[in-house]
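For reference, the structure is listed below as structure tokens.
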Amino acid sequence: MRYRVKAELNYGLKGPCSFLFNVAALQNRFQHVTDESLHLEGGETPTEFMFNGARFHRTKSKGPKLRLEYQATVALEPEIEKNLDLPVRTLAELPEEVLVYLFPSRYCQSDSLLRFAQSEFMGKHLTGFQLVTHVCNWIYEKVAYQRGATTSITSAFDTVTERQGVCRDFAHLGIALCRALGIPARFVSAYAYGLNPPDFHAAFEAYLGDRWYMFDATRLSPQSSFVRVGMGRDAADTSFCTFFGPAAFEGMKVTMETDGDAKPQFVTQPITASD
């Protein structure tokens with residue numbers, strides 16, 4: 001299925017600033033960017049580089065305002081896994097590049113949630129996919145989706161305590177609980193179809209069997225529609241903008257539409273769309 005995505009970001013400046021933007025769609029064998037454009041006003045021509053598998057654009061400001069507009073057409077071909085018996089790999093079986101996603105991180109304090117995760121989710125004789133699904137079901141049922149209830153420094157430990165948050169908080173909690181259960185998990189930022197109001201979305205991937213699989217405890221958008229932008233240990237690795245200098249965020253507009261009449265559907269089977 002083909003989608004059209006667009007992001008517009010606006011900043012006011014009181015002096016020279018440097019910016020790192022992470023809004024461009026990834027290119028892999030499941031996600032094909034057929035055309036795209038990135039337009040910048042009030043800054044130098046941006047340079048692109050890759051970090052942690054994501055595309056970043058770097059620039060410096062040239063005036064009192066900076067505006068970035070990115071748009072792309074993306075063809076998604078997510079792979080639906082029919083095997084539900086996906087196992088949790090032991091530490092000795094995991095690839096070396098996956099091990100970092102077992103460690104606690106800034107927003108995902110899996111070490112602080114170890115006893116809670118083990119008492120709540122262990123001992124149920126579930127497959128890996130069933131166990132991560134159980135974690136997502138618990139978050140969906142126990143944590144209220146509440147806009148404005150959390151801040152940029154809210155962590156997974158805060159969310160499990162306060163029982164409210166937004167997609168970023170749901171993803172951080174899912175990651176922390178998976179890591180506490182010995183399952184590598186990483187944060188995913190994406191464009192997602194049907195969000196109201198439209199925004200960047202956050203979900204997570206868990207490493208089961210020999211691949212990464214997508215999970216989203218918010219259930220706000222079909223996972224098959226996610227146009228991935230970045231992956232990392234948590235939101236600190238995937239911010240849509242990081243700036244250095246006296247800049248003030250003045251707003252953004254994010255849209256995602258289907259390129260045709262077909263609409264994405266929710267599925268209950270594992271979805272993989274990352275290499």
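Comparison of A176, A217 shows that the only residue that is touching a residue at least 12 places away in the same chain (Cβ under 8 Å), in contact with a strand residue (DSSP E or B) (Cβ under 9 Å, 6 or more places away or on another chain) and in a helix (DSSP H, G or I) is A176.
Sub-8 Å Cβ pairs linking a first residue in the range 78-91 that is closer than 11 Å to G128 by Cβ to a second residue that is aromatic (F, W, Y), at least 6 apart or interchain, are L84/F129; D85/F129; L86/F129; L86/Y213; R89/Y207, ordered by first then second residue.
Consider the range 90-113 and keep the residues that are in a loop (DSSP other than H, G, I, E, B) and of a type in the set (D, E, K, R). The one that is farthest from F21 (Cα to Cα) is D111.
On the basis of being crowded, with 23+ Cβ neighbours inside 10 Å and of a type in the set (D, E, K, R), does R179 make the cut? Show your work before the answer.
Working: crowded, with 23+ Cβ neighbours inside 10 Å: yes; of a type in the set (D, E, K, R): yes.
The answer is yes for R179.
Candidates in the range 220-272 are the residues that are of a type in the set (G, A, S) and part of a strand (DSSP E or B); of these, the one that is surrounded by the fewest Cβ atoms within 10 Å (Cβ to Cβ) is G251.
Tallying residues that are without any contact (Cβ under 8 Å) to a residue 60 or more places away in the chain and surrounded by 14 or more Cβ atoms within 10 Å (Cβ to Cβ) within the range 32-54 yields 8.
Of the listed requirements (1) buried (at least 16 other Cβ atoms within 10 Å of the Cβ); (2) modelled with pLDDT of 95 or more, T150 misses just one: (2).
Listed here are the residues, each with its yes/no results for (1) of a type in the set (V, I, T); (2) within 22 Å of F187 (Cα to Cα).
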| residue | (1), (2) |
| --- | --- |
| M1 | no, no |
| G15 | no, no |
| F19 | no, yes |
| V23 | yes, yes |
| L26 | no, yes |
| D35 | no, no |
| G43 | no, no |
| F51 | no, yes |
| F56 | no, yes |
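For the range 81-89, the criterion of being surrounded by 14 or more Cβ atoms within 10 Å (Cβ to Cβ), assigned to a loop (DSSP other than H, G, I, E, B), modelled with pLDDT of 95 or more and among the basic types (K, R) is met by at least one residue. Please name all residue pairs, on different chains or six or more residues apart, with Cβ atoms under 7 Å, provided the first residue is in the range 147-158 and is within 16 Å of F187 (Cβ to Cβ) and the second residue is among the aromatic types (F, W, Y) and surrounded by 10 or more Cβ atoms within 10 Å (Cβ to Cβ). What qualifies is S155/Y107; A156/Y107. Just one of the listed residues (L68, L76) is under 19 Å from the mean Cα position of the chain (by Cα) and hydrophobic (A, V, I, L, M, F, W, C), and it is L76. Going through F19, F116 one at a time, which residue ends up being touching a residue at least 12 places away in the same chain (Cβ under 8 Å), surrounded by 13 or more Cβ atoms within 10 Å (Cβ to Cβ) and either in a strand (DSSP E or B) or of a type in the set (V, I, T) (or both)? Of F19, F116, the one residue that is touching a residue at least 12 places away in the same chain (Cβ under 8 Å), surrounded by 13 or more Cβ atoms within 10 Å (Cβ to Cβ) and either in a strand (DSSP E or B) or of a type in the set (V, I, T) (or both) is F19.
The values are calculated or read from the model by the stated rules, or taken from the named source; none is laboratory data. Just so it is clear, the model here is predicted, and its values are computed rather than measured. For neighbour counting, all protein chains shown are included, and Cβ atoms are generated from backbone atoms with ideal geometry for every residue, glycine included.
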